[in-house]
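Okay, so here's the structure we're looking at.
Read the figures in this text as sums done on the coordinates, not as results from a lab. Because the structure is a prediction, the values reported are computed rather than measured. Cβ sites come from the backbone with ideal geometry, for glycine too, and all protein chains shown count toward neighbours.
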Amino acid sequence: MKETKRRIEGLLKSTERPGIEDLLQWMDENGFYDAPCSSKYHLAQAGGLAEHSLNVFINAHSIATALFSEKATYTFIDSITICALLHDLGKAGQFGKPNYIMQQNEETGMNEYKGNKDLLYIPHEVRSIAIASKFIDLTEEEQYAILYHNGLYGELRGVKNHETPLYMILHFADLWAARVTEE
């Protein structure tokens, strides 16, 4: 987990986005690096959220490099970095409350992650944008990509016929990480 944290911090710092240090401090203090990525699906384990975020970055960077080669601007690569590493930021929780908590399943007696009932339900895509925007300025396209990154698998489905290159890269990188890399 320490190596994953080090890599994420280095990548986010490389964007030189004003406020990134404060965001990194928030991530550390609010359990981003220890949180699971889901309650029962991909990387439902301590540290899963950070591992997943790094996997999405690796995929997104590979896709962008393959599709754009030398044409990709630093600004676009920074957007890839920001979106890939922060798209699920809201899964860490908010307001000092974790998004997932460990509970014992009454039927099986096994411990498993469940959604925290003490945290009002807000889609994690919306929560991710709200948290990140407190610290750094997200571009319109970055907000759009994060908001719709789950495509037809998410609750927010306004992306049809309005896809952008950043959104498509993030969506596929996320889907590939969850369905292939992390299986």
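Using only Cα atoms, locate the centre of region 42-118 and the centre of region 1-26, then give the distance between them in Å, rounded to an integer.
One Cα centre to the other: 14 Å.
To the nearest 20 debye, what is the magnitude of the charge dipole of region 42-126 about its Cα centre, counting +1 on the Cβ of each Lys and Arg and -1 on the Cβ of each Asp and Glu?
Charge dipole of region 42-126: 140 debye, to the nearest 20.
Only sites in a loop by DSSP and with at most 13 other Cβ atoms within 10 Å count here; which chymotrypsin sites (Phe, Trp or Tyr not before Pro) in region 1-85 make the cut?
Tyr41
Just to be sure I understand the model, the point goes 7 Å from the Cα along the line to the Cβ. What's the resulting Phe76 to Ala44 distance in nm?
3.8
Between their Cα atoms, which of Lys13/Lys40; Lys13/Lys114; Lys40/Lys97; Lys97/Lys160; Lys13/Lys117 are more than 28 Å away from each other?
Lys13/Lys40; Lys13/Lys114; Lys97/Lys160; Lys13/Lys117
How far is helix 20-29 tilted, in degrees, relative to the longest principal axis of the Cα atoms in the chain, given as a value from 0 to 90 rounded to the nearest 10?
Approximately 10 degrees, to the nearest 10.
Find, among the chymotrypsin sites (Phe, Trp or Tyr not before Pro) in region 96-177, those assigned to loop by DSSP (not H, G, I, E, B) with at most 16 other beta-carbon atoms within 10 angstrom.
Tyr121
Quick one: what are the phi-derived ³J(HN,Hα) couplings along region 171-181, Karplus 6.51/-1.76/1.60 with θ = phi - 60°, whole Hz, x for glycine and proline?
4, 5, 4, 5, 4, 5, 4, 5, 9, 10, 4
Which of the aspartates and glutamates could a cross-linker bridge to Lys2, judged by Cα under 18 Å and excluding same-chain residues fewer than eight apart?
Of all the aspartates and glutamates, those that pass the test against Lys2 - Cα under 18 Å, at least 8 places apart if same chain - are Glu21, Asp28, Glu29, Asp34, Glu51.
Under the rule of -39500 (n - 2.57) per DSSP H run of 4 or more residues, summed and divided by the residues of the chain, what mean residue ellipticity at 222 nm is obtained, to the nearest 500 deg cm²/dmol?
Per the formula, -15500 deg cm²/dmol.
If I stretch the segment between Arg6 and Glu112 completely, what's the gain in nm (0.36 nm per residue apart, minus their alpha carbon distance), one decimal?
35.4 nm
Quote the relative contact order of the chain in percent (integer), defining contacts as alpha-carbon pairs under 8 Å separated by 6+ residues.
24
From zero outward in steps of 5 Å, how is the percent of C-alpha pairs of region 2-181 spread across the bins?
P(r) for region 2-181, in whole percents per bin: 1, 8, 17, 22, 22, 15, 8, 3, 2, 1, 0.
Just to be sure I understand: with springs between alpha-carbon atoms less than 10 Å apart, which residue in Asp22, Asp88, Asp118 has the highest mean-square fluctuation in the Gaussian network model of the chain?
Maximum fluctuation in the GNM of the chain, among the listed residues, is at Asp118.
Find how much the distance from Gln104 to Glu16 grows on full extension, using 0.36 nm per residue of separation minus their present alpha carbon separation; answer in nm with one decimal.
Difference between extended and current length: 27.4 nm.
What residues qualify as long-range amide H neighbours of Tyr100, i.e. H under 5 Å apart, gap of 5 or more or another chain, H built at 1.01 Å from N?
Asn116
Residue farthest toward the positive end of the dipole of the chain, with Cβ of Lys/Arg at +1 and Asp/Glu at -1: which of Asn111, Pro123, Leu85?
Sorting the options by dipole projection puts first Asn111.
What's the magnitude of the charge dipole for the chain around its Cα centre, counting Lys and Arg as +1 and Asp and Glu as -1 at the beta-carbon? Answer in Debye, nearest 20.
140
What does the C-alpha gyration tensor say about the overall shape of region 23-70? Classify as rounded when a/c is under 1.5, otherwise prolate if a/b is larger than b/c, or oblate.
Cα axes put region 23-70 in the oblate bin.
Given labels modelled 7 Å from the Cα in the Cβ direction, how far is it in nm from Gln25 to Glu155?
About 3.1 nm separates the two model spin labels.
If one takes the longest principal axis of the Cα atoms in the chain, at what angle in degrees, from 0 to 90 and to the nearest 10, does the Cα axis of helix 124-135 lie?
The angle comes out near 70 degrees.
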